[in-house]
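Reading through the structure tokens given below for one structure.
The values are calculated or read from the model by the stated rules, or taken from the named source; none is laboratory data. Just so we're clear, the structure is a prediction, and the values are computed from it rather than from any experiment. All Cβ positions, glycine included, derive from the backbone under ideal geometry; neighbour counts span all protein chains shown.
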Amino acid sequence: MGWEAPPLHILLFPLMSPGHTLPMVDLAKLLAARGVRTTILTTPANAPSLEAAIELAQRSYQYPIELHVIPFPSTAVGLPEGCENASSVPYYQHPAFMTGVTMLQEPFRRVLTKLLPDAAITDWFLPWTFNISEELNIPRLVFHGISFFALCAHASLLFEQLPTDEDTITIPNFPRRVELQRSQMPDETQMHPVFTEIIRQIAEWEPKSYGVVVNSFYELEAEFADHLRNVLGQKAWHVGPVSLCNARAEQQSRRGNKPAIDGEECLKWLGEKEAGSVLYVCFGSMGTFTEAQFRELALGLEASGRPFIWAVKKCRDEWWPERFMARMEGRCLILRGWAPQILILNHAAVGGFVTHCGWNSSLEAVTAGVPMVTWPFFAEQFFNEKLLVEVLKIGVAIGAKQHTVVPEQRPLITAAEIERTVRRLMDDGEEANRMRSRARELSIMAKSAVDEGGSAYIDTQNLIQELTNRRTMPNSKSQ
Ligand code: UDP
């Protein structure tokens with residue numbers, strides 16, 4: 001019998017937050033389906049939900065996805081024991097959480113030294129993984145989990161001194177003219193030093209990394225993918241939409257945390273509604289509101305006249321408008337906690353999505369062919385809104401103006417504005433019909449991209465091939 005090379009082994013290290021972990025677990029599944037050995041690095045409290053997701057996928061793989069668990073120093077940074085996920089930490093404790101994350105450097109080094117994978121794909125919020133990987137001559141690839149559009153915008157704005165007194169900013173050196181209000185951009189002067197240091201490290205080490213793996217598909221944002229590669233000189237692979245690897249209803253309803261509703265029950269509720277009539281409302285894993293905004297949203301959804309599913313993360317009983325539940329009986333499904341989002345978005349009854357424009361949610365809606373009401377809060381969400389509304393033309397903006405993690409700092413969006421925007425998206429007018437048909441076309445393209453021979457399928461193969469070839473090169477370097 002001839003000697004057979006061991007499979008390519010890739011270590012994946014996501015930041016512990018659903019928006020970062022879920023797509024990287026999907027990426028691990030995609031790689032495993034192509035015969036790659038994969039190991040996901042996480043912490044004890046995050047392991048159970050990953051185990052569940054992986055278990056459902058395992059059967060078809062030659063090499064099972066492995067989980068490697070390292071301890072998280074919650075109490076050392078002042079967080080409660082077992083508090084190991086950004087989504088379970090209030091925004092004012094995010095600096096403590098990130099301090100804990102940066103303390104994972106030594107455990108990461110030990111794991112890397114022990115496993116010696118062929119490559120490490122790590123979250124962009126873990127820039128120090130570059131140095132450690134380089135010491136061991138292991139290529140580090142960055143996973144941002146954001147769009148090409150946002151990657152290009154970040155790169156263009158990184159070294160720009162943003163004017164504080166101008167209302168509008170045009171993104172410099174960008175493939176097309178895109179304007180944002182100054183208030184829709186982060187205010188660096190308000191940033192906690194932990195984040196300032198992470199941003200500094202990203203700016204220094206990310207360009208030295210081996211390349212970027214992007215959860216998007218080429219046809220969706222070709223001009224920005226080309227710009228990133230050809231103008232900004234960034235090596236990148238487009239491998240998305242990665243969520244499409246969850247083909248079975250069982251996988252879709254168990255992706256992430258334990259859902260607040262049984263998948264079957266959710267499908268039954270949706271099955272009783274007309275095609276395209278239901279609005280799905282969810283603001284990702286971290287979207288929170290003030291009481292006043294929460295009430296306006298409830299009243300706006302009521303006034304829209306549409307059936308809706310609303311994934312409510314944090315609210316108190318007294319926040320609900322009086323007799324709201326009684327009036328909405330049969331018309332709405334309130335999920336107090338985690339929604340089986342992909343299952344919902346892909347149901348024929350769902351015709352619109354009110355979203356905070358997190359990239360995963362945005363891309364999942366694109367993939368399902370669902371147009372959106374866009375309501376960004378922070379991070380790169382305002383860039384995603386621009387892409388959805390102005391470039392792809394499958395979204396209507398609610399009119400959010402303030403980039404902030406603090407709900408109290410956001411100007412109130414009234415019930416009347418919410419009603420108006422939802423009606424614009426869901427009615428039978430020409431604009432809404434155009435958005436719907438564009439969303440349907442993009443959904444078809446998304447699915448073709450990951451099918452055999454599609455753009456994402458091929459680029460995933462290119463990535464695997466390049467890393468495999470690199471193994472056999474004498475003195476191969478980490479970059
Ligand atoms: N998600 C979900 N159910 C929820 C909330 C979120 O399944 O109730 C998933 C959603 O499908 C997406 C991820 O969590 O894959 C959230 O990522 P995104 O980038 O949209 O937002 P973030 O939570 O990072 O702000």
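Looking for something under 16 Å from the mean Cα position of the chain (by Cα) and either aliphatic (A, V, I, L, M) or at pLDDT below 95 (or both) - is there at least one such residue anywhere in the range 390-399?
no
Please find, among Pro48, Pro18, the residue that is crowded, with 20+ Cβ neighbours inside 10 Å and at pLDDT 85 or above.
Residue meeting the stated conditions: Pro18.
Regarding Glu166, is this residue over 22 Å from Tyr91 (Cβ atoms) and at pLDDT 95 or above?
It is false that Glu166 is over 22 Å from Tyr91 (Cβ atoms) and at pLDDT 95 or above.
So that you can scan it fast, the table gives a plain yes or no per residue for (1) within 25 Å of Pro175 (Cα to Cα); (2) in contact (Cβ under 8 Å) with a residue 24 or more places away in the chain:
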residue	(1), (2)
Leu343	no, yes
Ala379	yes, no
Phe382	yes, yes
Arg410	no, yes
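Tell me the helices (runs of 4 or more DSSP H) entirely within the range 97-161 that contain at least 2 residues that are closer than 23 Å to Pro241 by Cα and in contact with a Phe, Trp or Tyr (Cβ under 7 Å, 6 or more places away or on another chain).
By residue number, 148-157.
Could you tell me which residue of the range 138-160 is farthest from the chain's Cα centre (by Cα), considering only residues that are at pLDDT below 95 and not hydrophobic (A, V, I, L, M, F, W, C)?
Filtering first and then ranking leaves Glu160.
Determine which single condition Lys268 fails, assuming it passes every other condition in (1) in contact with a helix residue (DSSP H, G or I) (Cβ under 9 Å, 6 or more places away or on another chain); (2) in a helix (DSSP H, G or I); (3) of a type in the set (D, E, K, R); (4) more than 16 Å from the ligand (Cβ to nearest atom).
(1)
Residues that are hydroxyl-bearing (Ser, Thr, Tyr) and in the same structural domain as Glu135 (by TED's automatic domain parsing): does the range 449-459 have at least one?
Yes, the range 449-459 has at least one match.
If we scan the range 106-125, do we find a residue that is without any contact (Cβ under 8 Å) to a residue 40 or more places away in the chain, under 19 Å from Val194 (Cβ atoms) and not assigned by TED's automatic domain parsing to the domain that holds Leu392?
yes
State whether the residues of the range 249-260 include one that is away from the ligand (no atom under 15 Å from the Cβ) and over 22 Å from Trp319 (Cβ atoms).
no
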